[in-house]
Amino acid sequence: MIAAARPAPRGGKARTAVLGLMLLLTAAFSALSVWQVERREWKHALIAAVESRVHAAPVAAPGPEHWASLSAEHDAYRHVRVTGRFLHDRETLVRAVSDLGSGYWVITPLDTGHFTVLVNRGFVAPGERNKVRRDPVGTIALSGLLRVTEPGGGFLRSNDPKTGNWYSRDVAAIAAARGILRPAPYFIDADAMTGTSTGPVAGLTVVRFADNHAVYALTWFAMALLCAYAARSIVPGNRRSRKAFA
């Protein structure tokens, strides 16, 4: 007689499915951990590059011939200098939170004669917004940090050019609202200058990057270890595996 085929062990299919899932999760969490390590190396290189730009001697602000090649990764926070004349009648106040509290950034166009660049002259408190000193006048030279545009808005609010409510330094939108010709695609945070009681107070740029990649890498690695341990417990022949799927 031909012996009847023995049925598959009870729970065999479930064990195989769970084992496959644990192995898949182990691989996925391991990959995420490695990715965070790589991101950490990239972030540290970026921070070093930005620090070198911030503390370098100022160079000429990029003109129209360089605008197409500008990028946040290679040009943000570059120390630049520019000469021109403030267009105080086209000033814009943008909501801000600084080390001095809540208030406004005073954004004033600077006409260089070849192009116009928005300059963040500094911070004013809400009570000083209508008392901003609109000087100097005439041709001036200033230095500051090149900043990339901030489109859309901020503080969970959208910019509203019609009402004059601005929540981010959106270069294109501000230039269009103020009728600025040949606007640079970036703005400049002015270096600290001698302040007055009516502001604006410049030099408040905060250069800070979140760097939590080591924590994330360790978290993903720990998850990978847990999944690997769970997979080991499910391997056929393991006593715990037999108990779990009996």
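Stretched out straight at 0.36 nm per residue, the stretch from A172 to K13 would grow longer than its current Cα-Cα span by 51.2 nm.
Karplus-derived 3J(HN,Hα) values for the range 90-105, using 6.51 cos²θ - 1.76 cosθ + 1.60 with θ = phi - 60°, are 10, 5, 9, 9, 10, 3, 8, 10, 10, 4, 8, x, 8, x, 9, 8 Hz; glycine and proline are entered as x.
I'd like the distance separating the alpha-carbon centroids of the range 33-89 and the range 117-168, in whole Å. Their Cα centres are 19 Å away from one another.
Could you check the simple spin-label distance between D99 and V215, using points 7 Å along Cα→Cβ, in nm with one decimal? Calculated label separation equals 2.3 nm.
Note on the chain: Rg/Rh from Cα positions, Kirkwood definition for Rh, rounded to two decimals, is 1.30. Seen against the Cα atoms of the chain and their longest principal axis, helix 12-54 is set at about 20 degrees. Annotation: amide H of Y77 within the under-5 Å range of L146, R147, V148, sequence separation 5 or more or interchain, hydrogens built in the peptide plane. Work out the FRET efficiency for A28 and W67 from their Cβ-Cβ distance, taking R0 = 41 Å, and round it to the nearest 0.05. For A28 and W67, the calculated efficiency is 0.50. Mean sequence separation of contacting Cα pairs (under 8 Å, at least six apart), scaled by the length of the chain, corresponds to a relative contact order of 25 percent. Computed on the Cα atoms alone, the convex hull of the range 78-190 gives a volume of 104 cubic angstrom per residue.
Annotation: extensible slack from T163 through E91 equals 24.5 nm (criterion: 0.36 nm per residue apart, minus Cα-Cα distance). If you plug the beta carbon distance of R129 and W35 into 1/(1 + (r/R0)^6) with R0 = 35 Å, you get a FRET efficiency near 0.20. With everything on Cα atoms, drop me the angle between helix 213-234 and the longest principal axis of the chain, reported from 0 to 90° to the nearest 10. Once rounded, the angle reads 10 degrees.
Taking a virtual spin label 7 Å from the Cα of V59 along the C-beta vector, which residues in the range 73-115 bring their backbone nitrogen under 19 Å of it? What the label zone holds, given the 19 Å backbone N cut-off, is 73-83.
Throughout, read-outs are computed from the coordinates displayed, never taken from laboratory work. On a predicted model such as this, the values are computed, not experimentally measured, just so you know. Note that we place each Cβ from the backbone using ideal geometry, even for glycine, and neighbour counts take in every protein chain shown.
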